[in-house]
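A.B. asks: Take a look at this one; I'll ask things after.
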Amino acid sequence: MTMPRLHPDTGIVLPPVEAVDSLDRGELMDVITQAAAIQARAMARLLAMVPPVPTPAASPERLLSAREVAERTGLSLDYIYRHGKRWPFARRLGRTYRFSEPGLVRWLALQRP
């Protein structure tokens with residue numbers, strides 16, 4: 001039989017693992033219940049110690065009309081209607097397309113040297 005383990009910082013004494021071999025059914029249920037309670041409380045404490053993950057501020061993405069895209073790009077409105085639906089920042093809304101403003105800005109940055 002091994003010696004009880006002692007946590008050096010808190011003084012918590014844990015019985016040897018082999019101690020459960022001599023317990024009856026009721027005592028085993030008590031040990032399992034207490035161990036589960038300790039585990040749940042320890043996990044809650046650990047989770048409370050984890051710093052929160054910063055989340056980006058939720059800002060709604062502005063969607064531009066084909067006319068606004070034409071004005072910003074210098075492309076014709078006809079060109080926007082013919083080719084815009086293939087752009088990764090195009091969004092279909094009903095019978096029309098709208099264009100993500102941040103997506104357009106990134107796309108323009110890649111197109112211009």
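A.B. asks: Consider only pairs whose beta carbons are under 6 Å apart and that are at least six residues apart or on different chains; among these, list those whose first residue lies in the range 87-113 and is in the same structural domain as T73 (by TED's automatic domain parsing) and whose second residue is crowded, with 16+ Cβ neighbours inside 10 Å and among the small types (G, A, S).
C.D. replies: Sorted first by the residue in the range 87-113, then by its partner, the pairs are F89/S100; F89/G103; A90/G84; Y97/G84; Y97/A90; F99/A90.
A.B. asks: While we're on this one: Pairs please, first residue from the range 26-48 and on the phi < 0 side of the Ramachandran plot, second anywhere and surrounded by 10 or more Cβ atoms within 10 Å (Cβ to Cβ) and assigned to a helix (DSSP H, G or I), Cβ atoms under 7 Å, 6+ apart in sequence or on different chains.
C.D. replies: From residues that are on the phi < 0 side of the Ramachandran plot, the pairs are L28/V20; V31/V20.
A.B. asks: Another question, if that's okay. If a residue has to be in contact with a helix residue (DSSP H, G or I) (Cβ under 7 Å, 6 or more places away or on another chain), assigned to a strand (DSSP E or B) and not small (G, A, S) to count, how many in the range 87-113 make the cut?
C.D. replies: Going through the range 87-113 one residue at a time, the tally reaches 2.
The values are calculated or read from the model by the stated rules, or taken from the named source; none is laboratory data. Since the model is a prediction, treat every value here as computed from it, not as a measurement. Reconstructed Cβ throughout: ideal geometry from the backbone, glycine too, with neighbour counts over all protein chains shown.
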